[in-house]
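Inspection log for the structure reproduced underneath, given as structure tokens.
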Amino acid sequence: MSVEVRVPAEQEGTKAVVRAWLKQIGDTVAENDPLVELETDKVTQEVPAPAAGVLSEILLDTDAEAVPGAVLGRIAAAANEERRSSEPVEGSPFSSPASQEGSSALLQAQGGAEVETRLSPSVRRALLQHDIDPDRVQGTGRNGRITREDVDRAVELATVSHVDAGEKPIAQPRIAESNWAAQDIPHDRMRLKIAENMVRAVGEAPHVTALFEADFSAIAAHKAAAAERGKKLSYTAYLIKAAAEAMAVAPAINGRWAEDRIAVSPTIDIGVGTALGDKGLVVPVAKNAGALSLEEIGAKLDDLTRRAREGKLTGADVSGGSFTISNHGVSGSLLATPIILHQGQAAILGVGKLEKRVVVREVGGQDAILVRPMAYVTLTIDHRVVDGHQTNAWLTRFVEVLENWPKT
């Protein structure tokens with residue numbers, strides 16, 4: 001009897017490829033053992049073994065496209081078979097790549113914990129590319145196994161400055177020879193998928209951007225008062241709440257273009273762009289934000305952001321969004337336009353850097369020059385779905401909610 005290993009269904013709407021098999025044909029596996037790594041433009045995830053046995057077939061090998069529900073391989077029941085023996089590899093994990101492909105060695109670490117030293121092909125390639133000593137990388141996978149995310153994190157956090165005498169730096173990326181005497185950065189799959197999605201989005205949807213300005217005085221006051229009560233909230237939580245409320249005046253903003261209709265989502269599911277350094281960004285989604293309180297949005301956002309930066313998001317966390325917020329101002333920009341639409345959505349909100357600016361306000365019937373915390377906000381829309389009137393109505397309501405936020 002054999003058990004099929006399938007691509008998880010929660011990757012719906014996201015194209016995935018097989019990054020690496022962590023076991024080879026003939027290897028014995030236990031139920032829930034990490035079996036194969038899949039990668040999309042948003043996340044990398046391990047597919048566990050659905051049953052114990054022996055891996056008997058690999059139907060989708062490295063770099064093959066993996067659609068939801070597709071059969072990756074099969075596991076044959078092998079309750080009485082012994083695990084295939086593997087000779088220990090002497091020296092560096094890189095000394096004999098062929099012998100390392102399916103090997104699984106567990107070493108006793110301090111405190112008696114078992115640490116898995118097997119390296120998948122993609123991890124081994126990344127370690128070689130960046131000249132990283134695997135002994136200096138903290139593995140976060142099953143049994144302490146080093147994952148590709150662990151290597152990427154080591155590269156991001158590494159320093160090429162001097163280290164303690166006799167120690168090897170965690171990572172020193174190799175400088176490619178070129179006429180420009182600069183560093184070449186090979187494309188990873190995430191960067192390629194982001195590029196592919198951006199080109200497709202621009203090609204399919206006519207982008208138009210409207211620009212407003214928002215006074216964040218009321219938000220800043222409420223945020224400070226909440227902090228005094230022990231409730232720490234980010235500005236992004238307020239943006240999500242205000243965006244959800246603005247949908248009432250222009251519901252199509254929360255929709256998408258379909259061949260025979262404009263499909264408006266029944267729930268307000270707001271994605272928030274989260275930067276991952278040089279790796280690009282992911283867009284975790286706060287599901288059903290329209291039904292959540294400000295505090296509930298803040299808690300959900302904190303959880304999603306933390307797991308995004310730890311590389312622990314699932315396919316479900318980054319799918320199903322109906323609207324997106326790009327808070328590009330956190331990195332210093334005042335204005336970014338046009339912000340490319342998330343594929344399949346009608347609009348994306350951009351929020352620039354929050355800074356004190358001089359504004360003119362009417363005080364006691366007289367014009368007064370005041371200093372207020374201000375930010376530019378943009379709404380880029382798919383002009384097939386909504387027009388300028390709806391766009392401006394949405395932004396007017398969004399700014400109104402921000403500027404009239406209750407004090408308590």
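Taking 0.36 nm per intervening residue step and subtracting the Cα-Cα distance, what contour gain separates MET198 from THR396 on full extension?
Extra length available between MET198 and THR396 comes to 68.5 nm.
Neighbours of VAL386, meaning other residues whose beta-carbon lies under 15 angstrom from its beta-carbon, give a summed charge of +2 when Lys and Arg score +1 and Asp and Glu score -1. Residues ILE185, ILE58, ILE75, ranked from the fewest to the most other C-beta atoms within 10 Å, line up as ILE185, ILE58, ILE75.
Inter-label distance, ARG309 to VAL71: 4.4 nm, where each label sits 7 Å from its Cα along the C-beta direction.
For the stretch 331-375, compute Rh as the Kirkwood radius over C-alpha pairs and then the Stokes-Einstein diffusion coefficient at 10 °C and 1.306 mPa s; write the answer in µm²/s, rounded to an integer.
D = 121 µm²/s.
If R0 is 41 Å, what FRET efficiency do you get for VAL358 and THR140 from their C-beta distance, rounded to 0.05? After rounding to 0.05, the efficiency reads 0.25.
In nanometres, what is the gap between the two model label sites at GLU31 and ALA52, each 7 Å from Cα along Cα-to-Cβ? It is 0.9 nm.
Sorting 135-141, 371-377 by their mean Cβ neighbour count within 10 Å, with the most densely packed peptide first, gives 371-377, 135-141. Using equal-weight Cα scatterers in the Debye expression, the normalised intensity of the stretch 190-403 in log10 at q = 0.10, 0.11, 0.17 Å⁻¹ is -0.44, -0.53, -1.26.
Counting neighbouring Cβ atoms within 10 Å and putting the fewest first, the residues MET1, MET247 line up as MET1, MET247.
Our note on the geometry: Cα centres of the stretch 352-389 and the stretch 205-280, 16 Å apart. Evaluated over the Cα positions of the stretch 339-408, the convex hull gives a direction-averaged projected area, one quarter of its surface, of 6.8 nm². The peptide list 358-367, 330-339, put in order of mean Cβ contacts within 10 Å with the highest first, becomes 330-339, 358-367. Cα extents for the stretch 301-383 along the principal axes, largest to smallest and rounded to whole angstrom: 55, 33, 22. Here the Karplus curve 6.51 cos²θ - 1.76 cosθ + 1.60, taken at θ = phi - 60°, turns the phi angles of the stretch 325-337 into couplings of 10, 10, 8, 5, x, 5, 9, x, 7, 7, 8, 9, 7 Hz, with x standing for Gly and Pro.
Any read-out appearing in this document is the output of simple, stated calculations on the displayed coordinates, not a laboratory observation. Note that the structure is predicted; figures quoted are calculated from it, not measured. Backbone-built Cβ (ideal geometry, glycine too); neighbour counts: all protein chains shown.
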